[in-house]
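Notes follow the structure.
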Amino acid sequence: MRSYYLLIILLLSTVVLAQTAIFTITVQKTSDQYSANFEMYNGQIYELDFGGKLFTQSITAFTQLKPCKGEESFDCGTTKLCVKFDSETAPECKTLVNTETQNITFTVNRAVQKAIFTVDSVRDTGEDYDARLNTVSRQTGLMTTLSRSLLSLRGTQPVNLGKVREILNITNGTLATVTTSDTRAPAWFDDGSGNSATSRTTTPIFNDNTLACLNIDSNLDDDGDPKCDFVDEKECSDEGKDWLKGDCCGDADYLPATGCQWYADKQAVCGQDSAGKWKWAALEDIGLVTSYSGACPTVQLVPDGTKFYTCTLDISTLVPPALAAKISGIITIQGHDYLCQGENIIECGGETPYSPGALPTGSKLTITGKMNYCDAFGTFRTVLKDKVSCEKSGFTWTGTQCCGEQDDPNKTYEDPYAGQGTAGGCYNGVFIKSGGFVDGAQTIINYRGKFYQCDPTLANGATTPISSPIFVGTNVTITARGSCGKPMESALLTGTKQNILCLPTGQWYFTSSTETSVVKQTLWTPAETEQKQGCCPDGQCWDGKNCRNIGEYYILGDRGFRCQ
C-alpha cells in the first residue's frame, strides 16, 4: 500500500430549511492505493477490506476492459462498475466508456471499512472476464459539521466561520476548497484584506478566514460573482432603509402612504421604527422580531412562516386577518420560545438567536412566579438539561444534572462521577464538590458524586445505606462508611492527598496512602489539636495526627517518641 499527501478540501453544504444552514467540513488528507488485479465476470463480487473504518471522501478504481470477442475494439455493449460499502444493500453503479483503461471515481463522504465491487455487463467477450480491477485508491480525511441559522447570515458584513486552520484543526497541507449546496448561502476564503471575491473558493493559505453570507435572490455582481445580501442591505441601510429580496423598504415602489403598509408581493409589512428607520417584517423571516413605532402602531411582530404574532394589539388591519395571531403564554417558533412582557416580544435565542435582541444562553426570567433560564437550544427552563446552559447560567454541571437552579424541585441529588462535568453532588441547591463536606463537623462528605457519612461504629471500612436527618425530604439515601479499612481513592482529583478514610473520631481524613488500615491509638493523652485514635496500616503507629513507621523517632512539642 502506498500513501500520498493530497490537498485539503473544505466542503460546505446547506440544508434547505427555513432557518438553519448545516456546514459540513471535510478534510481530505491522504490517498491509500490497494492492488487488486482481479478479473471480474458479470455479477461476480470482489470485496476490499481497508483494515479499519475511516472517513473516506472518495474511492477511485483503475479498471481495464476486456476486448470484444475476436476483436480489438471494446464497443460491443455496455459494462457498469458497481460498489457498495460495509452492510449497505443498494450499490452505486457507473457506466464504463468503451476504451481499454479508465479511472472510475465514487464519492463516499462517510466512514467505511469495506468496499464490495461487482460488474453488470452485457458485452460479448467470448465468456472471458468483462473487466479487470487493477488498483483501488481511497482518499481519506476527517469531517465535522457547523450549523448557523439563516437569519444569522444577515447583516451588513459577512459572517466569519473561522480560519481554515482552526476549523480543520490542521497546520499544513496544500489546498483548501469551500463549496455550497445552496446558491443562497455562498461561502468563500478571504486573504485578510476583506476584499476577496466571493468566487475565491480555494486557498493554499490556512490562515485565511472562511466567510459566508446570505444571498436570498441569488443575484450576481458586475464580475459575475455571488452578490451577498449584506451588500444590498448596506446600500439600503446607508439610506436608513431595509432590504428584502431585491428592494428597499422606503423606496418609491415600497413607500407607505401613511404608517405601515402590507405588500402582498413581498408577503411583508413595510414601516418605520422609533428611530425613523424603514424596516421590513417578512412572513419568511421566521422567528425575527420586528419593532414598529412613529407613524406605525407601536407594536412588535414575529412570524412563524404562516402567521404574524403580536402581544395584545390587534394587527388585523396591518396584515391580512388570516395572517394575524396573538401570543398566549409561551409559543415555540422554529425551536425557540417566545413570550410577551407588555407589548414586547421576548425571544429565548440561546446559542443561535434569530433576533438581534434575543436573550442569550443563561439569561434569567421569572415566568408565572418561577425562575426560568434560557437554555442553549432556545427553550425557557426551570431545570437545565445540558452542560453549556447550566454553566452559562452560573451553575455547576455534575455530569448528568445541573446544580443551582432556583426553582428546581430536586435541589438535592447524587450524581456518580463518570468523567463528565465536575465531580460532586448537590445539597439544597448548593454544589458540593467531591472531597467537600455537607456539615461543619466534617462527618458527611461527597465522594465522586455520592454522599458518605463517617460512622466509626462500623468496623474496617464497611458500608451500609442510612437515612440522615439532614437529607430528610430528599430522594437521597446516603451511605455510612466504617472507620479505617481500605481508603476510598481519588476523592480529590488533584493534589497529593486525594484519598479519604473515616477516622474512629467520626471525621473524614485525607491521605495519600492506598494501604488497608486498622484502628491505632496513642499511649498518651493527646493534645487539644491531636486525636487519640487514627487509622494506620499494620506496622505503623498513630502519633495523634499522622501514621509513623516502626523505629521512627519524632518529636511532638517538648516530647520525643518512637514507634515500636
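Please state which one of Trp280, Trp243 is under 27 Å from Ile330 (Cα atoms), free of Cβ contacts under 8 Å to residues at least 60 places away in the same chain and touching a helix residue (DSSP H, G or I) at 6+ places or on another chain (Cβ under 9 Å). If you could, list the steps in order and put the result at the bottom.
Values: Trp243 fails: under 27 Å from Ile330 (Cα atoms).
Checking each option against the conditions leaves just Trp280.
In segment 65-75, is there at least one residue being buried (at least 16 other Cβ atoms within 10 Å of the Cβ) and in contact with a Pro (Cβ under 7 Å, 6 or more places away or on another chain)? The answer is yes; a qualifying residue exists.
Annotation for segment 135-156: at least one member residue is in contact (Cβ under 8 Å) with a residue 24 or more places away in the chain, touching a helix residue (DSSP H, G or I) at 6+ places or on another chain (Cβ under 8 Å), of a type in the set (D, E, K, R) and within 30 Å of Gly350 (Cα to Cα). For segment 59-99, the set of residues classified as part of a strand (DSSP E or B) and either among the charged types (D, E, K, R) or not assigned by TED's automatic domain parsing to the domain that holds Val136 (or both) consists of Lys80, Lys84, Glu92, Lys94, listed by residue number. Scanning segment 120-155 for residues that are among the β-branched types (Val, Ile, Thr), loosely packed, with under 15 Cβ neighbours inside 10 Å and outside any strand (DSSP E or B) turns up just one, Val122.
Out of Thr310, Thr366, I need the residue that is at pLDDT 95 or above, more than 16 Å from Trp262 (Cα to Cα) and of a type in the set (Val, Ile, Thr). Which one? If you could, list the steps in order and put the result at the bottom.
On the way: Thr310 fails: more than 16 Å from Trp262 (Cα to Cα).
Selected residue: Thr366, the only one of Thr310, Thr366 that is at pLDDT 95 or above, more than 16 Å from Trp262 (Cα to Cα) and of a type in the set (Val, Ile, Thr).
I'd like to check which strands (runs of 3 or more DSSP E) are fully inside segment 465-564 and have at least 2 residues that are touching a residue at least 24 places away in the same chain (Cβ under 8 Å) and surrounded by 15 or more Cβ atoms within 10 Å (Cβ to Cβ).
478-481, 499-502, 508-511, 518-521, 533-536
Inside segment 465-498, can you point out the residues that are under 21 Å from Cys426 (Cα atoms), in contact with a Ser or Thr (Cβ under 9 Å, 6 or more places away or on another chain) and polar (S, T, N, Q)? Listed by number, the residues that qualify are Ser467, Ser468, Thr474, Asn475, Thr477, Thr479, Ser490, Gln498.
Looking for whichever is of a type in the set (Ser, Thr, Tyr), surrounded by 20 or more Cβ atoms within 10 Å (Cβ to Cβ), touching a strand residue (DSSP E or B) at 6+ places or on another chain (Cβ under 6 Å) and not assigned by TED's automatic domain parsing to the domain that holds Thr479 here; the options are Thr382, Thr412. Which one fits? Working first, answer last.
Values: Thr382 fails: surrounded by 20 or more Cβ atoms within 10 Å (Cβ to Cβ).
Criteria check complete, one pass: Thr412.
As a summary of the residue check, Leu288 satisfies the conditions (1) assigned to a loop (DSSP other than H, G, I, E, B); (2) of a type in the set (A, V, I, L, M, F, W, C); (3) out of contact with any helix residue (DSSP H, G or I) (no Cβ under 8 Å at 6 or more places or on another chain) except for the one numbered (3). Restricting attention to segment 306-322 and to residues that are under 14 Å from Val269 (Cα atoms) and among the hydrophobic types (A, V, I, L, M, F, W, C), the residue that is nearest to the chain's Cα centre (by Cα) turns out to be Phe308. Considering only segment 223-236, I want to know if a residue exists there that is under 24 Å from Ser293 (Cβ atoms) and crowded, with 17+ Cβ neighbours inside 10 Å. Within segment 223-236, one or more residues are under 24 Å from Ser293 (Cβ atoms) and crowded, with 17+ Cβ neighbours inside 10 Å.
Taking segment 1-39 as the range and being in contact with a helix residue (DSSP H, G or I) (Cβ under 6 Å, 6 or more places away or on another chain) and at pLDDT below 70 as the test, only Gln19 passes.
On the given criteria, is Ala187 within 26 Å of Thr56 (Cβ to Cβ), aliphatic (A, V, I, L, M) and surrounded by 14 or more Cβ atoms within 10 Å (Cβ to Cβ)? Considered against the rule, which asks whether it is within 26 Å of Thr56 (Cβ to Cβ), aliphatic (A, V, I, L, M) and surrounded by 14 or more Cβ atoms within 10 Å (Cβ to Cβ), Ala187 comes out as yes.
Regarding segment 323-331, can at least one residue be identified that is within 28 Å of the chain's Cα centre (by Cα) and farther than 19 Å from Val269 by Cβ? Can you show your working first?
Step one: list which residues in segment 323-331 are within 28 Å of the chain's Cα centre (by Cα), which gives 330-331.
Imposing the further condition that a residue be farther than 19 Å from Val269 by Cβ reduces the set to 330-331.
Checked against the condition, which is being within 28 Å of the chain's Cα centre (by Cα) and farther than 19 Å from Val269 by Cβ, segment 323-331 yields at least one hit.
Of all residues in segment 241-260 being at pLDDT below 90 and in a loop (DSSP other than H, G, I, E, B), which is surrounded by the fewest Cβ atoms within 10 Å (Cβ to Cβ)? Among those that are at pLDDT below 90 and in a loop (DSSP other than H, G, I, E, B), it is Ala257.
Among the candidates Ser218, Ser193, the residue that is assigned to a loop (DSSP other than H, G, I, E, B), in contact with a strand residue (DSSP E or B) (Cβ under 9 Å, 6 or more places away or on another chain) and not assigned by TED's automatic domain parsing to the domain that holds Gly305 is uniquely Ser218. Scanning segment 46-59 for residues being closer than 14 Å to Thr135 by Cα and surrounded by fewer than 16 Cβ atoms within 10 Å (Cβ to Cβ) gives a total of 2.
For segment 540-562, state whether one or more residues are among the acidic types (Asp, Glu) and at pLDDT 90 or above.
Initially, segment 540-562 is screened for residues among the acidic types (Asp, Glu), giving 543, 552, 558.
This time we only want the ones that are at pLDDT 90 or above, so: none.
No, there is no match, as no residue in segment 540-562 is among the acidic types (Asp, Glu) and at pLDDT 90 or above.
The values are calculated or read from the model by the stated rules, or taken from the named source; none is laboratory data. What you see is a predicted model, and the numbers here were worked out from it, not measured in a lab. Here Cβ is always computed from backbone atoms with ideal geometry, including for glycine, and neighbour counts include all displayed protein chains.
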